[in-house]
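Every read-out reported here was derived from the displayed coordinates using simple, explicitly stated rules and does not represent laboratory data. If you're wondering where the values come from, they're calculated on a predicted model, not measured in any experiment. Neighbour counts are summed over all protein chains in view; Cβ atoms, including those assigned to glycine, are modelled from backbone coordinates with ideal geometry.
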Amino acid sequence: MINDNFFGRRKNTPTRPVPPGQYLEDGFPVLSAGPTPRVDINTWDFSIEIAGETIGTWSWDSLNSLEQTDIHTDIHCVTKWSKQDTNWRGVAIDTLLADAQISPPDGYVMAYCDGGYTTNIPAKDLMDGKGILAHTYENKPLPAEHGGPVRLFIPHLYLWKSAKWIRRLRFMEKDEPGFWEGYGYHMYGDPWLEQRYNGD
Amino acid sequence: MATVTKVRVASDRVKLFTLEVPTGGNFKAGQHYDVRLTAPDGYQAQRSYSLASSPGDTNLIEIAIELIDDGEVSSYFHDSVEPGEMIEVRGPIGGHFTWEPSHTKSSIFVAGGSGIAPIISMLRHRFTVKNNAPALLLFSVRTEDDILYREELERMSDNDPSLHVVTTITRGTSKDWIGNTRRIDQGMIDSALVNTGVKPESAYVCGGSGFVESIADILLDTGLDFNQIHIERFGP
């Protein structure tokens, strides 16, 4: 349906198309369902679990000693804003699996975070450089409100999949809903297919 | 699809829109609707707005829209939308920032500006179902004109001893104002809790992003657990 008198304010003309239903945002809005956790980098660690077994645990220092991956990309939040040309650095999930000498598993992954947040992602969406543990944004430490010290970063999906304050990935055979997915948000969340909610 | 049935001016920058939606009252207090506008050339813009009305047997919902500088959707609503207009909506959406009548925990609600919208929905619902778990609302606004739902909040707290409302004005007060006149800080929360005797076991915080961030941090210091604090950020 058409709103006859609506024309919009298209002052931010995207250099590239943005996904359907999204608008360009200059700032970097903060979205989260609870307070920002207080994370002590000295006791922080990250682990990967496969079939009930922890196959690797990394401290902050050991994460930083691994090969670092840079990503230049656009980001898309389900609350309708997109931001273009952002720069991130972190460690690819591929690198962590290689460090643990594990071949990439099939199936799905549940991400677990400080504060209790969870989200589900198909395993293949984390491989081949598509998913990283990001600790640096625009050449600076990732601010706490944006998920620092470390967040999962999977920019080809809506940002709620890029779980802030990440602590653990659990590989699983069958897909299960995470936090927002259990409240009716889409299990996959492809912004280009506008998969915002269950049924999209 | 919704039909606008009423438009009311609530403050300099906020208008209240009543929309008729077939199953409008079927939602949980705190949930939102997505609104989508389509220009004649096909350009579209979407935004989310919390429901301010309370759930119930009705086909009417209310949303409070604050005029945002450069906001293409809010300015359209403020400048052009009149009763009778059809609006494309989708909802209800969201499930974490919700309050239901079965909620028996004492609660602190903290609202900044138009962030009162989902919280007034919760308080209206709470009042209607006569839920009397102790509740404290801390409401921060810039000016007296910005105290949305002022009379209704007074009426509810006058008629419900378990509801306490503390308002603070952060810029410019009239000489008649006897309430707080600063941003919400730890001291204000502590004394409000002491004065009202509310010992919160859950928190609902809604407002601009910076507001929500600082309040949630104070509430952690107050002793609330991470998972007891529900937040909803307004703005982009």
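Summarise the partner chain shielding of B:87-93 as one whole number: the mean count of Cβ atoms from other chains within 10 Å of each residue's Cβ.
Across the residues of B:87-93, the mean count of other-chain Cβ atoms within 10 Å is 2.
Across the cross-link table entries A:LYS130/A:LYS161; B:LYS105/B:LYS199; A:LYS83/A:LYS130; B:LYS15/B:LYS130, which are compared at the Cα atoms, the separations over 20 Å belong to B:LYS15/B:LYS130. Structural descriptor for the range B:2-93: relative contact order 37 percent, calculated from alpha carbon pairs under 8 angstrom and at least 6 residues apart.
For the pair the range B:197-236 / the range A:172-200, the C-alpha centres are spaced 26 Å from each other. In the frame of its principal axes, the range B:2-93 has Cα extents of 35, 31, 23 Å, reported largest first. Computed from the alpha carbon positions, the gyration tensor of chain A leads to an equivalent ellipsoid with semi-axes of 30, 19, 15 Å, biggest first.
Relative to the longest principal axis of chain B, what angle (0 to 90°, nearest 10) does the C-alpha long axis of helix B:116-128 take? It works out to around 70 degrees. Of all DSSP bridge pairs formed entirely within chain A, close to 85 percent run antiparallel.
Phi-derived couplings, Karplus 6.51 cos²θ - 1.76 cosθ + 1.60 at θ = phi - 60°, listed residue by residue for the range B:209-216: 4, x, 4, 4, 4, 6, 5, 4 Hz, with x used for Gly and Pro.
For the protein assembly as shown, the spread of Cα positions along the three principal axes, ordered from largest to smallest, is 68, 56, 39 Å. Taking θ as phi - 60° and the Karplus parameters 6.51, -1.76 and 1.60, the scalar couplings of the range B:163-171 work out to 10, 10, 10, 10, 10, 10, 10, 8, 9 Hz in sequence order, x denoting glycine and proline. Please figure out what share of the DSSP beta bridges in the protein assembly as shown is antiparallel and state it in percent, rounded to the nearest 5. Looking only at bridges with both residues in the protein assembly as shown, the antiparallel portion is about 65 percent.
Using the Cβ-Cβ distance between A:GLU145 and B:THR128 with R0 set to 35 Å, the FRET efficiency works out to roughly 0.45.
Expressed as a whole percent, the proportion of Cα-Cα pairs in the range A:1-109 lying more than 21 Å apart is 61%.
Normalising the average separation of contacting C-alpha pairs (under 8 angstrom, six or more residues apart) by the number of residues puts the relative contact order of chain B at 19 percent. Put simply, the amide H of B:PHE139, placed in the peptide plane, has neighbours under 5 Å in B:ALA111, B:VAL166, B:THR167, B:THR168, leaving out anything fewer than 5 places away on its chain. Summarising the amide proton neighbourhood of A:HIS186: residues at separation of 5 or more, or on other chains, whose placed amide H is nearer than 5 Å comprise A:TYR197, A:ASN198.
The mean of 1/r over all pairs of different alpha-carbon atoms in the range A:118-200, once inverted, gives a Kirkwood hydrodynamic radius of 13.3 Å.
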